[in-house]
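The values are calculated or read from the model by the stated rules, or taken from the named source; none is laboratory data. Predicted model only: the values in this text are computed from it and were never measured. Backbone-built Cβ (ideal geometry, glycine too); neighbour counts: all protein chains shown.
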Amino acid sequence: MPTWDELPQLKLAARILWPRLGPWAYETWERLNSIFFGGELEPCGILWGLTPHGHSLGHFDPRSRIITLHPSNVEPKGASPWGMGDVLGTRHTADVLLHEMLHQVLTQRHGYRFREAGTSSHNNPHWVAEVKRISLLLGYNVKAEVVRQRRVRGQVRWAALPGHLSLVDLATWPHSIRPPAFYRQKRRATSPIPTLVARR
């Protein structure tokens, strides 16, 4: 694992490989680390490239502890990658990075197998607790619990409690708690850093 002494080398490499996106990713990572995790996250590699199977906006590898961000987040190829062309941009990508940083901090705290405490890496007590904590810092008071199998209208299925975040909501957090206009408004602004509080 890289050390804090090695962070300047990581940032220099990112600047050489991705002159515009590399510095932005590390500046955003450092700011989000300070604001939401109290500087707890250890330096890691942040790469721009294809994510596993190409369908993910971002990916955190718990073994290598490398975050990969898909370049189409901020430099879309084609008319509308993932059918999301109207919301992609730096504000949307900052939330992708925050999502992957949550995977990173939980891996640091509990090891890369921590997901075994629940049904998946997005549906376990550690993930749900952090989603609720950080959502409050973002200005959203969400209800969330680990989603379990429940009997709903005579059928047993995975279902959230009424008014709570669903499995899809947990897996796509924090995008799932943002209002639709949150990212579109930011594309017309100048700063790449997300505002901290943006209520529905």
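Taking region 134-164 as the search range and keeping residues that are basic (Lys, Arg) and over 27 Å from Met101 (Cβ atoms), which one is farthest from the chain's Cα centre (by Cα)?
My answer is Arg153.
With the requirement that a residue be within 26 Å of Trp24 (Cα to Cα) and touching a helix residue (DSSP H, G or I) at 6+ places or on another chain (Cβ under 6 Å), what does region 102-134 give you?
The answer is Leu102, Val105, Leu106, Glu130, Ile134.
Among (1) over 18 Å from Ile66 (Cα atoms); (2) touching a strand residue (DSSP E or B) at 6+ places or on another chain (Cβ under 9 Å); (3) at pLDDT 95 or above, which single condition is Thr119 missing?
Result: Thr119 fails condition (3) only.
Any residue in region 138-149 that's more than 18 Å from Ser120 (Cβ to Cβ): show its pairings with residues that are of a type in the set (S, T, N, Q) and modelled with pLDDT of 95 or more at Cβ separation under 7 Å, as long as the two are six or more apart or on different chains.
Sorted first by the residue in region 138-149, then by its partner, the pairs are Val142/Ser135.
Test Ile67 against the criterion of being in contact with a Cys (Cβ under 8 Å, 6 or more places away or on another chain), under 18 Å from His99 (Cβ atoms), at pLDDT 95 or above and of a type in the set (A, V, I, L, M), and give yes or no.
Yes; evaluated as a whole, the condition is true for this residue.
In this structure, does His110 turn out to be within 18 Å of Ile67 (Cβ to Cβ) and either surrounded by 19 or more Cβ atoms within 10 Å (Cβ to Cβ) or touching a residue at least 24 places away in the same chain (Cβ under 8 Å) (or both)?
For His110, the condition - within 18 Å of Ile67 (Cβ to Cβ) and either surrounded by 19 or more Cβ atoms within 10 Å (Cβ to Cβ) or touching a residue at least 24 places away in the same chain (Cβ under 8 Å) (or both) - is not met.
Could you grab the pairs with beta carbons closer than 9 Å, sequence gap of 6+ or different chains, first residue in region 1-23 and over 15 Å from Thr68 (Cα atoms), second one charged (D, E, K, R)?
Met1/Glu42; Met1/Arg65; Pro2/Glu42; Pro2/Arg65; Thr3/Glu42; Trp4/Glu42; Leu7/Glu30; Arg20/Glu75
When you look at Leu10, is it in contact with a helix residue (DSSP H, G or I) (Cβ under 8 Å, 6 or more places away or on another chain), under 21 Å from Trp127 (Cβ atoms) and surrounded by 15 or more Cβ atoms within 10 Å (Cβ to Cβ), yes or no? Full working, then the answer.
Details: in contact with a helix residue (DSSP H, G or I) (Cβ under 8 Å, 6 or more places away or on another chain): yes; under 21 Å from Trp127 (Cβ atoms): no; surrounded by 15 or more Cβ atoms within 10 Å (Cβ to Cβ): yes.
So Leu10 fails the test.
Within region 18-58, work out how many residues are farther than 24 Å from Thr172 by Cβ and assigned to a loop (DSSP other than H, G, I, E, B).
7
Which count do you get for residues in region 135-166 that are under 27 Å from Ile35 (Cβ atoms), of a type in the set (A, V, I, L, M, F, W, C) and either out of contact with any Leu (no Cβ under 7 Å at 6 or more places or on another chain) or not in a loop (DSSP other than H, G, I, E, B) (or both)?
Selection size over region 135-166: 5.
Please pick out the residue among Pro192, Pro179 that is in a loop (DSSP other than H, G, I, E, B), surrounded by 12 or more Cβ atoms within 10 Å (Cβ to Cβ), modelled with pLDDT under 90 and not hydrophobic (A, V, I, L, M, F, W, C).
So the residue among Pro192, Pro179 that is in a loop (DSSP other than H, G, I, E, B), surrounded by 12 or more Cβ atoms within 10 Å (Cβ to Cβ), modelled with pLDDT under 90 and not hydrophobic (A, V, I, L, M, F, W, C) is Pro192.
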